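Enquirer: This is the structure I want to talk about, given as structure tokens.
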Amino acid sequence: MTPPPPRSPTAPPAPAPPPDVLVIGAGIAGLTAARALSRAGLAALVLEKSRGLGGRAATRTVHGARVDHGAQFFTARDPRFRAEVDGWLRDGVARVWADGFPSWSAAGGWHDAEPGANPRYACPDGMNALGKRLAEGLAVTRGARAVAVRPADGGWEVELEDGTRRRAPRVVVTAPVPQALELVRGVEWPAGMRDGLEAVTYAPCFAVMAGYPDAPAPAWPGVRLPDHPDLAWIASDGDKRDAGGAGTVLVLHATPTFTRRRFDDPPAANVADLLRAASAVVPWAERPAWTDHQRWRYALAEAPHPERALQPAPGLVLAGDGFAGGVGGRIEGAYLSGLAAASPLTHSD
Ligand SMILES: Cc1cc2nc3c(=O)[nH]c(=O)nc-3n(C[C@H](O)[C@H](O)[C@H](O)COP(=O)(O)OP(=O)(O)OC[C@H]3O[C@@H](n4cnc5c(N)ncnc54)[C@H](O)[C@@H]3O)c2cc1C
């Protein structure tokens with residue numbers, strides 16, 4: 001038998017087989033959906049516009065400190081999510097961070113954490129460890145921003161910002177609902193469905209990260225400010241991990257009211273005002289060695305859709321924390337929505 005000719009070293013690699021499913025978004029929902037689809041034997045390709053994994057479960061390194069600038073912690077109530085979290089705890093991806101958080105108000109001072117609250121989990125390496133974990137073994141193309149999703153040849157076509165087009169029989173869109181609606185604007189839908197989706201709203205959040213290399217760590221992991229007009233939350237972020245000499249790091253979250261009012265203001269003014277507000281709770285908060293900030297237009301699903309995922313046309317599913325189905329969005333809601341997104345695509349055709 002004649003052996004096949006040796007491959008030229010310059011021959012291009014064989015093209016990857018076309019995916020069975022394109023998943024837009026490598027956040028918790030998209031990665032969970034892609035994993036469930038892969039486990040059901042479908043070839044899933046995740047398209048992610050950013051360079052990171054995990055979406056709003058986000059971490060960045062600032063002045064040598066790992067800082068969670070998006071989701072701060074998560075809870076696990078549903079048995080399916082709890083089983084997943086058990087694996088994360090076993091492997092050190094996550095740990096119990098707190099049993100609850102105290103609250104502070106100008107009028108009433110400090111109140112202890114509610115007794116018997118669910119454990120709050122965090123990740124020693126940062127919340128984006130969840131995205132990295134969920135993405136293991138999955139095909140993810142980063143830096144791939146989808147600009148339109150449309151029907152094509154009995155399946156679906158996703159157009160990317162660079163002009164390239166990807167096709168697959170099925171598509172899952174996990175961008176926040178207003179952005180998802182923009183992507184699928186050309187798709188014909190059952191009457192009434194669009195109204196339900198347009199009713200899904202998210203609270204925005206202006207987040208401040210601030211480093212205090214020489215300050216003592218606060219006595220609490222995080223504190224809620226339920227009555228404050230501007231500031232909703234202060235975390236002692238370094239409390240989640242070995243800070244590696246980076247010292248104390250605070251993460252402040254502005255209220256939705258403050259963020260809506262000041263969204264387009266110069267960030268430096270917002271940072272200064274929020275640090276001033278925090279100094280009522282942490283006297284040295286106004287004297288950081290460094291600061292950073294992040295503006296989240298879609299932070300938390302305020303009015304999620306009652307379904308966990310929606311299939312407006314055969315082979316097209318919308319999912320994400322905006323489809324919380326009653327669990328109130330968040331990381332757990334995104335995970336459950338990702339599972340729900342995979343279900344009709346693995347059973348119906
Ligand atoms: C400041 C803040 C604090 C929070 N605090 C908590 C908390 O303490 N506890 C908690 O449980 N939850 C918290 N959350 C909410 C939690 O982060 C989200 O509910 C959850 O991460 C949402 O996951 P998702 O996969 O639905 O969406 P996302 O995480 O938004 O993932 C969507 C992904 O799609 C990508 N994408 C979007 N558009 C496109 C496109 N056109 N093309 C390609 N890719 C695209 C995005 O880049 C992103 O990676 C917080 C969020 C924020 C912002």
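Enquirer: Only helices (runs of 4 or more DSSP H) wholly contained in segment 255-349 count here; list those with 3 or more residues that are under 22 Å from residue 208 (Cα atoms).
Expert: Of the helices (runs of 4 or more DSSP H) lying wholly inside segment 255-349, those with at least 3 residues that are under 22 Å from residue 208 (Cα atoms) span 256-262, 267-278.
Enquirer: For segment 202-254, give me the residue count where each residue is over 13 Å from residue 67 (Cα atoms) and not in a strand (DSSP E or B).
Expert: The total comes to 16.
Enquirer: Which one is nearest to the ligand (Cβ to nearest atom) among residues in segment 191-210 that are touching a strand residue (DSSP E or B) at 6+ places or on another chain (Cβ under 7 Å) and open to solvent by 20 Å² or more (accessible area, probe 1.4 Å)?
Expert: Going through the qualifying residues, I end up with 201.
Enquirer: Among the residues of segment 149-194, what is the count of those that are without any contact (Cβ under 8 Å) to a residue 40 or more places away in the chain and of a type outside the set (D, E, K, R)?
Expert: Count: 8.
Enquirer: Among the residues of segment 136-145, which ones are surrounded by fewer than 20 Cβ atoms within 10 Å (Cβ to Cβ) and not hydroxyl-bearing (Ser, Thr, Tyr)?
Expert: Across segment 136-145, the qualifying residues are 136, 137, 138, 139, 140, 142, 143, 145.
Enquirer: Which of the residues spanning segment 37-63 are in contact (Cβ under 8 Å) with a residue 12 or more places away in the chain and either within 25 Å of residue 120 (Cα to Cα) or hydroxyl-bearing (Ser, Thr, Tyr) (or both)?
Expert: Matches in segment 37-63: 38, 50, 52, 53, 54, 55, 56, 57, 58, 59, 60, 62.
Enquirer: Looking at segment 277-295, which of its residues are within 16 Å of the ligand (Cβ to nearest atom) and crowded, with 21+ Cβ neighbours inside 10 Å?
Expert: 278
Enquirer: Hey, could you check segment 146-189 for residues that are within 9 Å of the ligand (Cβ to nearest atom) and exposed (fewer than 15 other Cβ atoms within 10 Å of the Cβ) and say which is nearest to residue 324 (Cα to Cα)?
Expert: 182
Enquirer: Separate question: Please give the number of the condition residue 315 fails out of (1) within 14 Å of residue 180 (Cβ to Cβ); (2) touching a residue at least 60 places away in the same chain (Cβ under 8 Å); (3) away from the ligand (no atom under 16 Å from the Cβ).
Expert: Result: residue 315 fails condition (1) only.
Enquirer: Of all residues being within 21 Å of the chain's Cα centre (by Cα) and among the aliphatic types (A, V, I, L, M) in segment 161-182, which is farthest from residue 343 (Cα to Cα)? Just the residue, please.
Expert: Within segment 161-182, the match that is farthest from residue 343 (Cα to Cα) is 181.
Enquirer: For segment 238-276, which residues satisfy the criterion of being open to solvent by 70 Å² or more (accessible area, probe 1.4 Å), over 15 Å from residue 205 (Cβ atoms) and not acidic (Asp, Glu)?
Expert: Hits for segment 238-276 are 245, 266, 268, 276.
Enquirer: With a cut-off of at least 2 residues that are within 15 Å of the ligand (Cβ to nearest atom) and open to solvent by 10 Å² or more (accessible area, probe 1.4 Å), name the strands (runs of 3 or more DSSP E) lying wholly within segment 22-110.
Expert: 44-48, 59-62, 95-98
The values are calculated or read from the model by the stated rules, or taken from the named source; none is laboratory data. Note that the structure is predicted; figures quoted are calculated from it, not measured. Note that each Cβ is placed from the backbone with ideal geometry, even for glycine, and that neighbours are counted across all protein chains shown. These accessible areas exclude ligands, DNA and RNA; they are computed on the full protein's heavy atoms, side chains included. Shrake-Rupley method; radii C 1.70, N 1.55, O 1.52, S 1.80 Å.
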